[in-house]
Amino acid sequence: MSPFLFVLIMEDLQLMLQQLIDQNEGFSFHWRCKEIGLFQLCFADDLLLFCTAHVVLVQILRRGLDEFAKLSGLHANPQKSQLILSRSAQAMREHLTAALQFQEGHLPLRYLGLPLLASRLSISDCQTLLLKIDSRIKGWNSIQLSFAGRLQLIKSVLMCGLHLPKGVIRAVEKKMRNFLWKGNSAVGYPNVAWRDVCRPIEEGGLGIRDILALNKALMSRHLWNVIQNNQSSIWVKLIAHTHLRH
């Protein structure tokens, strides 16, 4: 199925779920989603549904999925679908999983290659990122690279729009530094202070972007979208209603 057709079909699912919600005045949105009426998000072939942890409300969502399956022939895969509960809903887990007919999942989990969790990223949550950097460096080591080649690789791969913990940034910089000077991620002694390496070429540096500064710049772009109140973005609406005072 083409992505365009899938998007059109997901629009039908959204309308069906919206109709069921409108018919049930007692439907309760998740408290963070109430102001903007958010109950579903769809990206590619993934679907996220949100509601308060109550059996009747979960049954409404389940009924919508079943009716959609009858009309479209598209069924939710119970092996790849999960029910994520908050801590306050743990006492109802058996009833909720039975109503939705999905297995229970736990945060953090990976969604679209990124960690999905309800709290701030910690160093342990970023271990996969550090392992990927190690793996990539090992792959680079299989190629005979000059200093200029290693420098170009470092410049080309480091972009991240997540707010990374400083401990993770320091670990990434250490791996970059060792790869640049020694050709691997093993411990080595740098020839030049890293802050000098990150200076522009015009100032005597190598033009490598400072990860902390780059990370802040990318996060500032997200903040700018919030300040501009971009109402076409669901993320902006959610942040504005849940974290910003009017």
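Summary table
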read-out: Qualifying residue in region 222-235 (condition: surrounded by 12 or more Cβ atoms within 10 Å (Cβ to Cβ) and among the hydroxyl-bearing types (Ser, Thr, Tyr)); value: yes
read-out: Qualifying residue in region 18-30 (condition: of a type in the set (A, V, I, L, M) and within 27 Å of the chain's Cα centre (by Cα)); value: no
read-out: Number of the exception - Gln144 against (1) outside any helix (DSSP H, G or I); (2) in contact (Cβ under 8 Å) with a residue 24 or more places away in the chain; value: (2)
read-out: Matching option when the condition is under 30 Å from Lys34 (Cβ atoms), modelled with pLDDT under 85 and small (Gly, Ala, Ser), among Ser233, Ser156, Ser185; value: Ser233
read-out: Within region 46-116, strands (runs of 3 or more DSSP E) holding 1 or more residues that are without any contact (Cβ under 8 Å) to a residue 12 or more places away in the chain and in contact with a Cys (Cβ under 9 Å, 6 or more places away or on another chain); value: 46-49
read-out: Hits in region 57-80 - residues which are within 19 Å of Leu5 (Cβ to Cβ), over 24 Å from the mean Cα position of the chain (by Cα) and polar (S, T, N, Q); value: Ser72
read-out: Qualifying residue in region 190-200 (condition: of a type in the set (A, V, I, L, M, F, W, C), surrounded by 13 or more Cβ atoms within 10 Å (Cβ to Cβ), touching a Leu at 6+ places or on another chain (Cβ under 7 Å) and at pLDDT below 85); value: no
read-out: Failed item, numbered, when Gly37 is tested on (1) in a loop (DSSP other than H, G, I, E, B); (2) touching a Lys or Arg at 6+ places or on another chain (Cβ under 7 Å); value: (2)
read-out: Which numbered condition Ser28 misses (of (1) touching a residue at least 60 places away in the same chain (Cβ under 8 Å); (2) in a loop (DSSP other than H, G, I, E, B)); value: (1)
read-out: Selection within region 65-81 - under 13 Å from Gln101 (Cα atoms) and either surrounded by 13 or more Cβ atoms within 10 Å (Cβ to Cβ) or modelled with pLDDT of 90 or more (or both); value: Leu65, Asp66, Ala76, Ser81
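Matching residues to (1) among the aliphatic types (A, V, I, L, M); (2) not assigned by TED's automatic domain parsing to the domain that holds Asn191:
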| position | (1), (2) |
| --- | --- |
| Leu85 | yes, yes |
| Gln90 | no, yes |
| Gln101 | no, yes |
| Thr128 | no, no |
| Ser135 | no, no |
| Ile143 | yes, no |
| Arg150 | no, no |
| Ile154 | yes, no |
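The values are calculated or read from the model by the stated rules, or taken from the named source; none is laboratory data. Everything numeric here is computed off the predicted structure, so don't read it as measured data. No Cβ is skipped: glycine too gets one built from the backbone with ideal geometry, and neighbour counts run over all protein chains shown.
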